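Below is one structure, written out as structure tokens; comments come after it.
The values are calculated or read from the model by the stated rules, or taken from the named source; none is laboratory data. Values in this document were obtained by computation on a predicted structure and should not be read as measured data. Neighbour counts are summed over all protein chains in view; Cβ atoms, including those assigned to glycine, are modelled from backbone coordinates with ideal geometry.
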Amino acid sequence: MAGLKVGLIGLGGVARWTHLPALAKIDPEIATLHAVCDRNAELAAKTAAEAGGTAYTEPERLLDEAGCDCLIIGIPPHLHGDLEHRCIAARLPFLMEKPAHRHIEQAIEIADAVDAAGLVAGVGYLDRYQRSNDAVREFLASSPAGAFTGYWIGGIYNVPWWIKRDQGGGQHFEQTTHIYDLSRYFFGEVVEVFARGVTGLNNDIDGYDIEDASAATLVFESGLVGVVWSGCFVRQAPGRNGMDIFTRSGRVEYHNRSHVVIHTKGGQERTERETDQGLAEDLAFFENLVPAGDKLEIHRFKVERDALPGEYRYRLLLLQGGRRERPFQGSLQLLVSVQEGGRDAMITLPAAGDSPGIAYRLSFKHFFRVEGNFRVPAAAKVRSVQARVLESGSNQARATQQVDLS
């Protein structure tokens, strides 16, 4: 089966507006939706019926049973942590929606664990993928910023955890974080922050304990200083989301998720967002799973005993880098090390001299999911299984991976 098997955990707004539409547009040779999960059983079942895949209500069961190749995680901030560490332990690549965590220490702990495992993982800041960003970065390369103001001012997102500090964390975590991220994308790393919050405007909302508004001053490595405003108190008027950037040569009006206008002495130039940010973000994640250069890799090779004595099931994921236009043509070979009657033996599948049957033939461009079964004598004990990928016309393995069962 071609394509990555994708699991989607959390079926709230970010799944409905971003990832489900994106996955519906992606070539099945790259990725398909394989499993969905939400604590709301009715929502999970409805999503699976409409978009495909198997429905789960417990993330742990999806991880253990679904056989996904990667996960997209869109859950409230206070639920991050355990799920990501489970993915790392299972060596399962994941794209987690922002923020990574409400507490910086735990976010760093997740990042360090990802690095130590050599795993592909990312945090979903989709606003980086707008085409209009290119115009801003190009302009700033020739005329550096002297000052900027950023803002995300509007109303309250209508989910119960958003207004609670110990769950959503506040508007900084849920909305303005995109402006902070864009400022890093345009201006470099931040070295100092100081901020002040305001309360008292939303005191008519039950359970509300976050700031109504705030101003954060950011100091960058370059020496640039900017101020980013947040506000979630607006109720009867449109808000505003974007940046104003000032340079010696002009001014940038950055209307986030819409367009950019660059004003200079020669006039003004408008660039539309254009890009489908959700699609671009998901594709970037999948493409980062592909090996660099011309390399071919085996991932997530697993062998398990089946129902009857001597029967085993296997699955693995093949990733090919570089040669996107020319499919890889070849075959899979399994070397099964067994012990029977006190003697060691090696079983080759398919048998030496046999041409590979359909279960072992390979033809793919990007990703290829291989699943199958094999049988050994019932009395034999399987000690290890090695998967070897052979290119057509060669007996030299392009990739190998072994699992030990003893």
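Of all the listed residues (VAL338, VAL382, VAL370), the sole one being within 35 Å of the chain's Cα centre (by Cα), surrounded by 14 or more Cβ atoms within 10 Å (Cβ to Cβ) and part of a strand (DSSP E or B) is VAL370. Of all residues in the stretch 110-147, count the ones that are in contact with a Ser or Thr (Cβ under 7 Å, 6 or more places away or on another chain) and under 30 Å from ARG86 (Cα atoms). Number satisfying all stated conditions: 2.
Kindly establish whether VAL303 is surrounded by 13 or more Cβ atoms within 10 Å (Cβ to Cβ), more than 30 Å from ILE72 (Cβ to Cβ), of a type outside the set (Asp, Glu) and in contact (Cβ under 8 Å) with a residue 40 or more places away in the chain. Outline the logic, then answer.
Working: surrounded by 13 or more Cβ atoms within 10 Å (Cβ to Cβ): yes; more than 30 Å from ILE72 (Cβ to Cβ): no; of a type outside the set (Asp, Glu): yes; in contact (Cβ under 8 Å) with a residue 40 or more places away in the chain: yes.
It is false that VAL303 is surrounded by 13 or more Cβ atoms within 10 Å (Cβ to Cβ), more than 30 Å from ILE72 (Cβ to Cβ), of a type outside the set (Asp, Glu) and in contact (Cβ under 8 Å) with a residue 40 or more places away in the chain.
Among the residues of the stretch 24-32, is there at least one that is farther than 22 Å from TYR129 by Cβ and buried (at least 23 other Cβ atoms within 10 Å of the Cβ)? No, there is no match, as no residue in the stretch 24-32 is farther than 22 Å from TYR129 by Cβ and buried (at least 23 other Cβ atoms within 10 Å of the Cβ).
I'm trying to understand the selection: among the residues of the stretch 13-23, which are in contact (Cβ under 8 Å) with a residue 40 or more places away in the chain and either surrounded by 14 or more Cβ atoms within 10 Å (Cβ to Cβ) or in a loop (DSSP other than H, G, I, E, B) (or both)? Give the derivation first.
First, the residues of the stretch 13-23 that are in contact (Cβ under 8 Å) with a residue 40 or more places away in the chain: 13-15, 17-19, 21-23.
VAL14, ALA15, THR18, HIS19, PRO21, ALA22, LEU23 - these are the residues of the stretch 13-23 that are in contact (Cβ under 8 Å) with a residue 40 or more places away in the chain and either surrounded by 14 or more Cβ atoms within 10 Å (Cβ to Cβ) or in a loop (DSSP other than H, G, I, E, B) (or both).
Within this structure, PHE220 fails the test of being under 30 Å from ALA359 (Cβ atoms) and surrounded by 18 or more Cβ atoms within 10 Å (Cβ to Cβ). PRO356 fulfils the conditions (1) surrounded by 14 or more Cβ atoms within 10 Å (Cβ to Cβ); (2) part of a loop (DSSP other than H, G, I, E, B); (3) in contact with a Gly (Cβ under 8 Å, 6 or more places away or on another chain) except for a single criterion, (3). Residues that are assigned to a loop (DSSP other than H, G, I, E, B), under 26 Å from GLY124 (Cβ atoms) and either free of Cβ contacts under 8 Å to residues at least 24 places away in the same chain or not assigned by TED's automatic domain parsing to the domain that holds ASN256 (or both) within the stretch 184-233 are absent altogether. Only a single item in (1) touching a residue at least 40 places away in the same chain (Cβ under 8 Å); (2) in contact with a Phe, Trp or Tyr (Cβ under 9 Å, 6 or more places away or on another chain); (3) under 18 Å from GLU297 (Cβ atoms) is not met by GLY330, and it is number (2). Take the conditions (1) crowded, with 20+ Cβ neighbours inside 10 Å; (2) free of Cβ contacts under 8 Å to residues at least 40 places away in the same chain; (3) small (Gly, Ala, Ser); GLY124 misses just one of them, which is (2).
Restricting GLU287, GLU311, GLU274, GLU297 to residues that are surrounded by fewer than 15 Cβ atoms within 10 Å (Cβ to Cβ), closer than 30 Å to PHE364 by Cβ and under 31 Å from the mean Cα position of the chain (by Cα) narrows the list to GLU287.
Just name the residue that is surrounded by the most Cβ atoms within 10 Å (Cβ to Cβ) out of those in the stretch 127-163 that are of a type in the set (A, V, I, L, M, F, W, C) and either part of a loop (DSSP other than H, G, I, E, B) or not assigned by TED's automatic domain parsing to the domain that holds THR264 (or both).
Start the filter on the stretch 127-163 by keeping residues that are of a type in the set (A, V, I, L, M, F, W, C), which leaves 135-136, 139-141, 145, 147-148, 152-153, 156, 159, 161-163.
Cutting the leftovers down to either part of a loop (DSSP other than H, G, I, E, B) or not assigned by TED's automatic domain parsing to the domain that holds THR264 (or both) gives us 156, 159.
Details: ILE156: 18, VAL159: 13.
Only one residue tops the list, namely ILE156.
Against the definition (touching a Phe, Trp or Tyr at 6+ places or on another chain (Cβ under 8 Å), at pLDDT 95 or above, within 21 Å of ARG131 (Cβ to Cβ) and not assigned by TED's automatic domain parsing to the domain that holds GLY81), how does ASP181 come out, yes or no? When the stated conditions are applied, ASP181 passes them.
Against the condition within 30 Å of ASP166 (Cα to Cα), among the polar types (S, T, N, Q), buried (at least 22 other Cβ atoms within 10 Å of the Cβ) and not assigned by TED's automatic domain parsing to the domain that holds GLY169, how does THR47 come out, does it pass? Walk me through how you get there before you give the answer.
On the way: within 30 Å of ASP166 (Cα to Cα): yes; among the polar types (S, T, N, Q): yes; buried (at least 22 other Cβ atoms within 10 Å of the Cβ): yes; not assigned by TED's automatic domain parsing to the domain that holds GLY169: yes.
Against the criterion (within 30 Å of ASP166 (Cα to Cα), among the polar types (S, T, N, Q), buried (at least 22 other Cβ atoms within 10 Å of the Cβ) and not assigned by TED's automatic domain parsing to the domain that holds GLY169), THR47 qualifies.
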